[in-house]
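Just below is one structure, and these are the notes that go with it.
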Amino acid sequence: MSHWHLDYHGDHALLTLDVQGQSANVLSQEVLHELDKHLDELETKVLAGLIIRSGKTSGFIAGADVREFESIDDPARATEFARQGQQVYARLSGLPFATVAVIHGFCLGGGLELALACTYRIARDDPGTRLGLPEVRLGIHPGFAGTVRLPPLVGDLVALDMMLTGRALSAREARRRGLVDEVAPERHLLNAAVAFLKKHPAPGRAPWYRRVPAWKPLRQGVVKLMAPRVRRKAHPDHYPAPWRILDLWREQATEEREAESLGELLVSRSSRNLVHVFLLGETLKRLGRAQGHDIEHVHVVGAGVMGADIAIWAASKGFRVSLQDREPEILARAVKRAHGFFKSKLKDARAVQEAMDRFMPDLAGHGLKRADLVIEAIVEKVGPKQELFRMLEQKVRPQALLASNTSSIPLEVIGESLKDPSRLVGLHFFNPVAKMQLVEIVRGAKTSEAALARARAFTGAIERLPLDVKSSPGFLVNRILMPYLLEAVKLVEEGVGVTTVDQAATQFGMPMGPIELADTVGLDICLSVAEELSGPLQVEVPARLRELVGQGQLGRKSGRGFYAYDKRGRRQKTPAPEKIAVDVPVTERLVLRLLNEAVACLREGVVADANAVDAGMVYGTGFAPFLGGPMRYIESLGVTGISHSLYRLAQEYGPRFNPDTGWSRPELFHRRAADKA
């Protein structure tokens with residue numbers, strides 16, 4: 001046996017999962033088959049009980065081995081995969097003695113479903129313990145009887161919330177919800193499990209009032225109440241999984257129906273693309289963990305929204321952070337913002353105070369002398385950045401890593417002010433820092449490999465995804481995004497209503513329309529980046545954008561941009577009816593500008609391959625995850641068809657739609673075939 005290890009201790013057995021060759025436990029078909037073999041032996045034993053635990057320090061079980069999903073292309077085979085898992089778990093549940101799952105770290109997906117098949121669950125009492133069913137994020141739902149076992153245990157509304165959102169619970173919240181029977185510190189976990197086997201209390205069950213929503217006369221009404229909330233997050237044509245979860249619950253479906261539904265979803269376009277996106281994220285995570293780092297103290301220069309949020313996030317992840325700005329009022333706002341963030345995220349008063357102790361406002365810049373990493377986050381202008389880095393190089397230690405959060409200025413230009421530009425990297429965060437997972441790791445012509453490796457490791461340490469990009473105007477994400485945003489403004493100039501433009505994008509699958517996105521980012525920032533790119537990329541800046549910025553209408557932050565906003569930053573309804581130019585191909589113009597620029601970036605080697613383009617746009621902008629990213633979308637439509645559409649649009653709307661020469665280079669797209677293999 002390679003993965004499970006069975007030992008006997010007096011009157012009970014201890015079954016430990018330690019998947020060979022993996023840093024985390026995942027449930028491959030081989031692992032499930034091996035568990036089935038151990039159950040053959042256990043069914044013949046007379047025992048007081050069985051304790052199941054993980055041999056990994058990282059956690060209990062992370063779920064199914066997602067990589068196996070890509071090899072399943074038939075619904076019947078996918079259904080059979082689910083039925084096999086259900087049958088193994090049914091044997092575990094039917095053992096002639098009690099079973100206890102001892103949980104630490106992550107307990108997710110099929111791992112939690114295994115724990116649900118046990119008689120009892122005991123979780124380690126620490127912030128790192130998380131229990132959840134995140135399958136919906138992969139375009140599927142629980143398939144090892146999770147939809148059947150969870151509602152009676154925790155109550156129907158709690159179970160639906162967990163399955164529809166994929167939200168994970170802490171150990172203490174799981175105890176309050178009835179998901180686990182006990183929480184205990186590490187040193188008492190096994191003793192607590194043995195105590196449960198000896199006392200053998202009645203298995204947990206949700207109180208009657210939590211089971212009321214499942215009463216047959218109420219089920220249809222509950223679904224009707226929940227449907228609008230689900231629709232706001234997941235269009236049924238794009239993300240069918242949440243709707244299947246509601247259907248299964250309403251029907252009180254059996255395990256067989258759960259398996260059939262999973263089989264249909266697992267081979268759907270949505271799920272296959274979401275799995276693709278998930279695996280891209282896992283690849284970037286591994287890149288961030290590839291080597292350790294020696295960074296302990298981070299110094300951020302510039303306490304505006306981005307600089308403050310970078311500093312706050314780093315402090316929340318355990319780094320000592322000093323935040324410098326010339327204006328004490330700006331620093332005071334950043335400190336207030338930090339306290340609010342820590343209070344909402346960390347909850348515990350002691351943890352909040354510890355985070356505040358790590359977060360130091362630094363008007364005079366004393367932290368520079370102790371800093372291992374200095375991040376510049378000042379105004380997006382070449383002159384001030386060069387002047388700042390000239391000063392920083394004189395004050396910091398020789399081994400300190402220098403980084404710029406520039407969003408569009410080539411690193412070589414900024415590095416002209418440095419004697420040693422090899423220590424300069426780009427760390428381009430996206431707004432809002434606490435939500436956007438991607439960080440572009442920008443490589444300048446003279447950036448050293450050691451500096452890049454440290455930057456990646458730091459990014460991984462703050463739980464962000466590092467994406468290597470070449471220093472060029474706009475790097476990857478802003479370069480691809482800007483033509484899309486400017487085309488949206490151009491459409492408005494032509495008389496297409498702003499909500500019409502935004503609705504075209506959201507119906508395509510974008511999380512937010514381009515006009516609202518521009519207002520959210522700030523029209524002044526959009527204009528600055530557009531002007532920065534206008535020369536090297538020959539991007540035309542619409543007059544309407546300049547006009548609004550000139551009038552001080554900068555978007556959400558000023559109360560008015562393309563839309564009007566109230567004092568709390570909420571968008572107000574457009575008062576006048578809009579002109580709708582039905583003959584204008586709004587969606588096609590928006591999306592093809594974006595796809596054309598994505599191919600240009602691939603041709604120029606801004607990133608290594610098509611996967612990097614997909615990862616950057618999904619994790620950096622939220623590009624329709626169910627489509628898998630721009631290059632995955634191109635693959636689904638076909639290169640020839642898109643390039644012909646660009647030719648047609650170029651004839652009608654001008655040279656900005658001329659197909660990039662990369663469309664005629666098949667080798668750029670052949671990487672995808674290799675990925676499939």
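The values are calculated or read from the model by the stated rules, or taken from the named source; none is laboratory data. All values derive from a computational prediction rather than experimental measurement. As a convention, Cβ positions derive from the backbone with ideal geometry for all residues, glycine included, and neighbour counts pool all protein chains shown. Please note that ligands, DNA and RNA were not included when accessible areas were found on the heavy atoms of the full protein model with its side chains. Shrake-Rupley method; radii C 1.70, N 1.55, O 1.52, S 1.80 Å.
May I ask you to give the percent of accessible area on segment 237-335 that is carbon plus sulfur, with a probe radius of 1.4 Å?
On the way: 2030 of 4090 Å².
That fraction is 50 percent.
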Notebook entry, point to check: Which whole-number value in Å² is the accessible area per residue of the chain, probe 1.4 Å?
Noted result: 44
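How much of the accessible area of segment 514-639, in percent, comes from carbon and sulfur atoms when a 1.4 Å probe is used? Walk me through the numbers before you get to the answer.
Values: 2710 of 5420 Å².
Carbon plus sulfur share of accessible area: 50 percent.
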Note to self: Between residue 199 and residue 256, what's the calculated FRET efficiency when r is the beta-carbon distance and R0 is 45 Å? Round to 0.05.
What the structure shows: 0.80
Item checked: Degrees between helix 216-233 axis and first principal axis of the chain (Cα, 0 to 90, nearest 10) -> 30
Item checked: Probe 1.4 Å, all protein chains present, accessible-area order of 402, 218, 481, largest first -> 218, 481, 402
Notebook entry, point to check: Stretch residue 37-residue 73 to full length: gain in nm at 0.36 nm per residue minus the Cα-Cα span?
Noted result: 10.2 nm
Notebook entry, point to check: For residue 199, which lysines qualify as cross-link partners when the Cα separation must be under 23 Å and same-chain residues fewer than eight apart are set aside?
Noted result: 45
Next item on the list: Could you work out how far helix 449-461 tilts from the main Cα principal axis of the chain, as a 0 to 90 degree angle to the nearest 10?
Entry: 50
Item checked: Virtual spin-label span in nm between residue 188 and residue 269, 7 Å along Cα→Cβ -> 5.4
Next item on the list: Only Cα pairs under 8 Å and at least 6 apart count here; give the relative contact order of the chain as a rounded whole percent.
Entry: 9
Check: Counting only protein chains, not ligands or nucleic acids, how are 11, 502, 468, 73 ordered by accessible area (probe 1.4 Å), most first?
Finding: 73, 11, 468, 502
Next item on the list: Sort all Cα-Cα distances of segment 348-431 into consecutive 5 angstrom bins from zero, then give the percent of pairs in each bin up to the one containing the longest distance.
Entry: 3, 14, 24, 21, 17, 10, 6, 4, 2, 0
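Taking only C-alpha pairs under 8 Å that are 6+ residues apart, what is the relative contact order of segment 430-499 in percent?
On the way: 48 pairs, mean separation 20.7, N = 70.
RCO, segment 430-499: 30 percent.
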Next item on the list: Can you pull the one-decimal nm distance between simple spin-label points at residue 413 and residue 167, each 7 Å off the Cα toward Cβ?
Entry: 4.4
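Computed FRET efficiency, Cβ-Cβ of residue 381 and residue 547, R0 35 Å: what is it to the nearest 0.05? List each step's numbers first, then the result.
Values: r = 22 Å, r/R0 = 0.62.
The pair residue 381/residue 547 has a calculated efficiency of 0.95.
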Check: Given [x] 92, 67, 43; [y] 79, 61, 50; [z] 76, 76, 51, which label gives Cα extents along the principal axes in Å as computed from the coordinates?
Finding: [y]
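Segment 343-437: which trypsin sites (Lys or Arg not before Pro) are DSSP loop and have at most 16 other beta-carbon atoms within 10 angstrom?
Working: sites: 343, 345, 347, 350, 358, 369, 370, 381, 385, 390, 395, 419, 423, 435; in loops: 347, 370, 381, 419, 435.
Hits after loop and neighbour filter: 347, 370, 381, 419, 435.
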Checklist line | Those residues of segment 502-534 whose amide nitrogen sits under 16 Å from the label point placed on residue 566, 7 Å along Cα→Cβ | finding: none
Note to self: My understanding is that a pair violates if its Cα-Cα distance is over 30 Å; which of 347/385; 336/557; 345/567; 395/470; 216/345; 233/557 do that in this structure?
What the structure shows: 347/385; 216/345
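Calculated FRET efficiency, residue 237 and residue 644, Cβ-Cβ r, R0 30 Å, to nearest 0.05?
Details: r = 26 Å, r/R0 = 0.86.
Efficiency computed from Cβ-Cβ geometry: 0.70.
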Notebook entry, point to check: Is the shape of segment 21-73 best called rounded, prolate or oblate, per the rule: a/c under 1.5 gives rounded, else a/b larger than b/c gives prolate, else oblate, with a ≥ b ≥ c the square roots of the Cα gyration tensor eigenvalues?
Noted result: oblate
Next item on the list: Return the carbon/sulfur percentage of the accessible area of segment 421-511, one whole number, probe 1.4 Å, all protein chains in place.
Entry: 52
Check: Helix 189-199 versus the longest principal axis of the chain: what is the Cα-based angle in degrees, 0 to 90, to the nearest 10?
Finding: 30
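Quick one: ranking 317, 216 by accessible area, 1.4 Å probe, largest first, what do you get?
216, 317
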Item checked: Shape call, segment 325-382: gyration tensor on alpha carbons, a/c limit 1.5 -> prolate
Margin query: Straight-line reach from residue 446: which aspartates and glutamates fall under 17 Å, measuring Cα to Cα and dropping same-chain residues less than 8 apart?
Written below: 393, 412, 416, 420, 468
